[in-house]
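Since every read-out is calculated from the coordinates, none of them should be taken as a lab result. Everything quoted here is computed from the prediction, not taken from an experiment. Here Cβ is always computed from backbone atoms with ideal geometry, including for glycine, and neighbour counts include all displayed protein chains.
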Amino acid sequence: HVVPGHDGLILPTLGRTERDLQATGNQFITVEDSFSMVHASEGIGIPLAETQRSETWIVAGIAEAVLGDEKVKWRELAGDYNLIREHIAATIPGFADFNAKCDIPGGFYLGNAAAELRFNTPSQKAEFNASALPTSLFPNLDQDVPFTLQTLRSHDQYNTTIYGLDDRYRGVFG
C-alpha cells in the first residue's frame, strides 16, 4: 500500500471473482492456501465495468511503457497467464510443470520448509532475532516492557481484509 504525495491514482481492477477474458480465453491465477497447496482461482462473475483490467494487465502495461518490449513481451504475458507460469516453472524451484499441476483437483503441495523442519541457516535450526519497535509508530510504548509480541495475520485474514470476527487459533471471538 502506498500513501501518495500529492496525487493518487485508483485503477479499475478486476477482482479474483470476476472473469478475466483475454484472446486466449478466461484466465486464472494461482493462490497458495494455509496448507501450502497451490491451486487455480478463476473468476466467473461479469466485471462491473468494461474499463476494469486485471492486475496482470495493469502491471504489464506499466512495464511495457517504462521498459519497452524488446526483452519481455509484456502484452503476450498479460494475454495468456500460462506463459507467465511457464516462466515461473523455468526459474523457481518447486514449480516444474506448473501449468499441468494447476489441473490437479485440490491443488499441488508446494512444500513448507518450516513445517518440515528444514531451515537454511548455518545451524540448520530456526533462528530468531529481536528488533526494537520504531518509536515513531508507537509513541506511547512503555519502555519498561522488555518484550512485545506481534502477530501479523488473523485466522480469516486474506491479504489486508479480515473476513471473520473469530480467530480460533488465538482464542479471540466476537
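At 0.36 nm per residue, and after removing the present C-alpha to C-alpha distance, how many nm does the segment from GLU116 to ILE58 gain when stretched out fully?
Working: separation 58, 0.36 × 58 = 20.88 nm, distance 3.71 nm.
Computed gain between GLU116 and ILE58 is 17.2 nm.
Residue separation times 0.36 nm, minus the C-alpha to C-alpha distance between ASN82 and LEU67: what's the value?
Roughly 3.2 nm would be gained on extension.
Work out the charge dipole of region 1-134 with +1 on the Cβ of Lys and Arg and -1 on the Cβ of Asp and Glu about the Cα centre, then indicate which of GLN22, PRO12, MET37 is farthest towards its positive end.
Farthest towards the positive end: MET37.
From the phi angles alone, apply the Karplus equation (6.51, -1.76, 1.60; θ = phi - 60°) to region 97-108 and give each ³J(HN,Hα) in whole Hz, x where the residue is Gly or Pro.
After applying 6.51 cos²θ - 1.76 cosθ + 1.60, I find 6, 3, 4, 5, 5, 5, 8, 6, x, x, x, 10 Hz.
What order do you get for THR24, THR30, THR121 when you list them from fewest to most C-beta neighbours inside 10 Å?
Ordered by Cβ neighbours within 10 Å, fewest first: THR121, THR24, THR30.
If R0 is 25 Å, what FRET efficiency do you get for SER136 and LEU9 from their C-beta distance, rounded to 0.05? Before the final figure, lay out the partial values.
Details: r = 27 Å, r/R0 = 1.08.
The calculated FRET efficiency here is 0.40.
Mind giving me the FRET efficiency for LYS125 and ALA96? R0 is 22 Å, r the Cβ-Cβ distance, nearest 0.05 is fine. The partial results should precede the final answer.
Details: r = 29 Å, r/R0 = 1.31.
Given R0 = 22 Å and the Cβ-Cβ separation, E is 0.15.
Taking other Cβ within 10 Å of each residue's Cβ, how do ASP144, ASP103, ASP20, ASP69 sort, fewest first?
Ascending number of Cβ neighbours within 10 Å: ASP144, ASP103, ASP69, ASP20.
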